[in-house]
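In what follows, a structure is listed as structure tokens, so that the remarks can point back to it.
The values are calculated or read from the model by the stated rules, or taken from the named source; none is laboratory data. Please read all numbers here as calculations on a predicted model, not as lab measurements. As a convention, Cβ positions derive from the backbone with ideal geometry for all residues, glycine included, and neighbour counts pool all protein chains shown.
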Amino acid sequence: MNHISEKIAELKQIPELGLILERLEKEMAEEAAKRNEFYALVHENLKAEFINGEIIYHSPVMRRHWKVSMKLSKFMSVYIDDNDLGEVGVEKVMISLTRNDYEPDIVFFSKEKSSKFTKQQMHFPAPDLVVEILSDSTEKYDRNVKFSDYASHGVQEYWIVDPDKNILEQYINIDNEFQLLHIFSEGILKTETIKGFTLDIKAIFE
């Protein structure tokens, strides 16, 4: 039983469930209206996400962050383009899930998914692979709400990169929950979602 089924089972034991659902329906309608306001507000030069009913603004990233992002996205993009495997998105790709909207640092969409995208598309479904590069202001989201939300919506692989400690954590999705596969400080990562792609960990931190 995954965590969503467990939560539903817990809720069904609450005698006031009907009242809770009525209240929740009203609050979710208000949240949906706020989400539409968020869509009208965001633009290409604004880094912001909509998380659990709140608009989260992000400050510019530090050099250590964008250096890792640039190297990692370059390695992935060259390989994926050369092998016609799909598309890589960086920084400003808005991932719109059931409730929340995120702008991960790096995403990978398989060819099957990306072939359906349009040139004017602004909202995208759950990617096959998500990479989040930690910063002081984002770590709590990357390790908690995003961790759970990405897994529940079918993201197959999740990398959390710590540019201060030069560490990459690799998670894979098993029954809509992320399980830690490996913590890298060196060595070769073999991805589960990009066929044949390997990554020299030290190369992204040099």
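Could you tell me how many of the residues in the range 160-180 are outside any loop (DSSP other than H, G, I, E, B) and either surrounded by fewer than 16 Cβ atoms within 10 Å (Cβ to Cβ) or in contact (Cβ under 8 Å) with a residue 40 or more places away in the chain (or both)?
Start the filter on the range 160-180 by keeping residues that are outside any loop (DSSP other than H, G, I, E, B), which leaves 160-162, 167-174, 177-180.
Next cut, either surrounded by fewer than 16 Cβ atoms within 10 Å (Cβ to Cβ) or in contact (Cβ under 8 Å) with a residue 40 or more places away in the chain (or both) only: 161, 174, 177, 179-180.
The number of residues fulfilling the criteria is 5.
Consider V88 carefully, then state whether it is under 14 Å from the mean Cα position of the chain (by Cα), over 22 Å from F38 (Cα atoms) and in a loop (DSSP other than H, G, I, E, B). Before you say what the answer is, go through the steps one by one.
On the way: under 14 Å from the mean Cα position of the chain (by Cα): yes; over 22 Å from F38 (Cα atoms): yes; in a loop (DSSP other than H, G, I, E, B): no.
Considered against the rule, which asks whether it is under 14 Å from the mean Cα position of the chain (by Cα), over 22 Å from F38 (Cα atoms) and in a loop (DSSP other than H, G, I, E, B), V88 comes out as no.
May I ask you to verify whether G154 is out of contact with any Ser or Thr (no Cβ under 9 Å at 6 or more places or on another chain), under 20 Å from I95 (Cα atoms) and modelled with pLDDT of 95 or more? Full working, then the answer.
Details: out of contact with any Ser or Thr (no Cβ under 9 Å at 6 or more places or on another chain): yes; under 20 Å from I95 (Cα atoms): yes; modelled with pLDDT of 95 or more: yes.
It is true that G154 is out of contact with any Ser or Thr (no Cβ under 9 Å at 6 or more places or on another chain), under 20 Å from I95 (Cα atoms) and modelled with pLDDT of 95 or more.
For S137, all conditions in the list (1) part of a loop (DSSP other than H, G, I, E, B); (2) free of Cβ contacts under 8 Å to residues at least 60 places away in the same chain hold save one; what is the number of the exception?
Looking at each condition in turn, S137 falls short on (2).
Suppose we filter E49, E103, E91 for residues that are of a type in the set (D, E), surrounded by 13 or more Cβ atoms within 10 Å (Cβ to Cβ), touching a Ser or Thr at 6+ places or on another chain (Cβ under 8 Å) and within 20 Å of D136 (Cα to Cα); which single one remains?
Working: E49 fails: touching a Ser or Thr at 6+ places or on another chain (Cβ under 8 Å); E103 fails: touching a Ser or Thr at 6+ places or on another chain (Cβ under 8 Å).
Of the residues listed, the single one that is of a type in the set (D, E), surrounded by 13 or more Cβ atoms within 10 Å (Cβ to Cβ), touching a Ser or Thr at 6+ places or on another chain (Cβ under 8 Å) and within 20 Å of D136 (Cα to Cα) is E91.
Quick one: which residue in E132, E87 is closer than 26 Å to A40 by Cα and either of a type in the set (S, T, Y) or in contact with a Phe, Trp or Tyr (Cβ under 8 Å, 6 or more places away or on another chain) (or both)?
Working: E87 fails: closer than 26 Å to A40 by Cα.
Result of the check over E132, E87: E132.
Is it true that S135 is modelled with pLDDT under 95, of a type in the set (S, T, N, Q) and in the same structural domain as K71 (by TED's automatic domain parsing)?
Yes.
Restricting to the range 69-128, name every residue that is in contact (Cβ under 8 Å) with a residue 24 or more places away in the chain, basic (K, R) and out of contact with any helix residue (DSSP H, G or I) (no Cβ under 6 Å at 6 or more places or on another chain).
If the condition is that a residue be in contact (Cβ under 8 Å) with a residue 24 or more places away in the chain, basic (K, R) and out of contact with any helix residue (DSSP H, G or I) (no Cβ under 6 Å at 6 or more places or on another chain), then K92, R99, K111, K113 are the ones that fit.
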